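Heads up, the thing below is written out as structure tokens.
The values are calculated or read from the model by the stated rules, or taken from the named source; none is laboratory data. Small disclaimer: the values here were computed from a predicted structure and weren't measured. Neighbour counts are summed over all protein chains in view; Cβ atoms, including those assigned to glycine, are modelled from backbone coordinates with ideal geometry. Each accessible area value is taken on the protein alone, full model and side chains, heavy atoms only, with ligands, DNA and RNA left out. Shrake-Rupley method; radii C 1.70, N 1.55, O 1.52, S 1.80 Å.
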2 protein chains.
Amino acid sequence: MKSKLPLSVMEKLLKKAGAKRVSETAKTELSSHLEAKARAVSAKAIEFSTHAGRKTIKKEDINLVLEN
Amino acid sequence: MKSKLPLSVMEKLLKKAGAKRVSETAKTELSSHLEAKARAVSAKAIEFSTHAGRKTIKKEDINLVLEN
């Protein structure tokens, strides 16, 4: 599946970190990885919001995932 | 610092994971976290590419970071 995170942003982040040149596949790989991470965090955040009796995902749900 | 990862994409990912509603701060938080993760992966990938005698970051550098 095509990743939704822009490859142009991946390139900017890699270059900002000090990369001289970046291959297309490196950008794709980074994007896919971050998206997978986002999906995992999202799923847990939804679980935590449900547990708190809410239907809205809030900042504290995201933070609780990242702390655990 | 403003995150470069679009909040609209964060909302799509959270909704695709099953979220009914998503607060603005939740999107910002997720975006910041992913960007921090991207920076950390980028820094290590650059180190690995240098170690391999390259100036171009390749897919295998990213993968090596994620495997270690």
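Close Lys pairs in chain A (alpha-carbon distance under 19 Å; sequence gap of 8 or more, or different chains): 15.
Modelled spin labels at A:LYS55 and B:GLU47, positioned 7 Å past Cα toward Cβ, are 4.7 nm from each other.
Averaged per residue, what accessible area in Å² does the protein assembly as shown show with a 1.4 Å probe, protein chains only? Intermediate values should be presented prior to the final figure.
Details: 7610 Å² over 136 residues.
About 56 Å² of surface per residue is accessible.
For B:ARG21, the residues whose amide H sits under 5 Å from its own are A:ILE57, ignoring neighbours fewer than 5 places away on the same chain, with H placed 1.01 Å from N.
A:LYS55 contributes about 130 Å² of solvent-accessible surface, heavy atoms of the protein only, 1.4 Å probe.
Residues of the stretch B:31-59 that lose at least 30 Å² of accessible area (1.4 Å probe, protein heavy atoms only) when the other protein chains are present, relative to their chain alone, are B:HIS33, B:LEU34, B:LYS37, B:ALA38, B:ARG39, B:SER42, B:ILE46, B:LYS55, B:THR56, B:ILE57, B:LYS59. Counting only protein heavy atoms and using a 1.4 Å probe, the accessible area of B:SER32 comes to about 50 Å².
Its relative contact order, with pairs defined as Cα atoms under 8 Å and 6+ residues apart, puts the stretch B:9-68 at 25 percent. Using a 7 Å projection from Cα along Cα-to-Cβ, the label point at A:ALA43 is separated from the same position in the remaining copies by 2.9 nm, smallest value first.
Cα centroids of the stretch A:34-68 and the stretch B:1-36: how far apart, whole angstrom? Computed from Cα coordinates, the inter-centre distance equals 11 Å.
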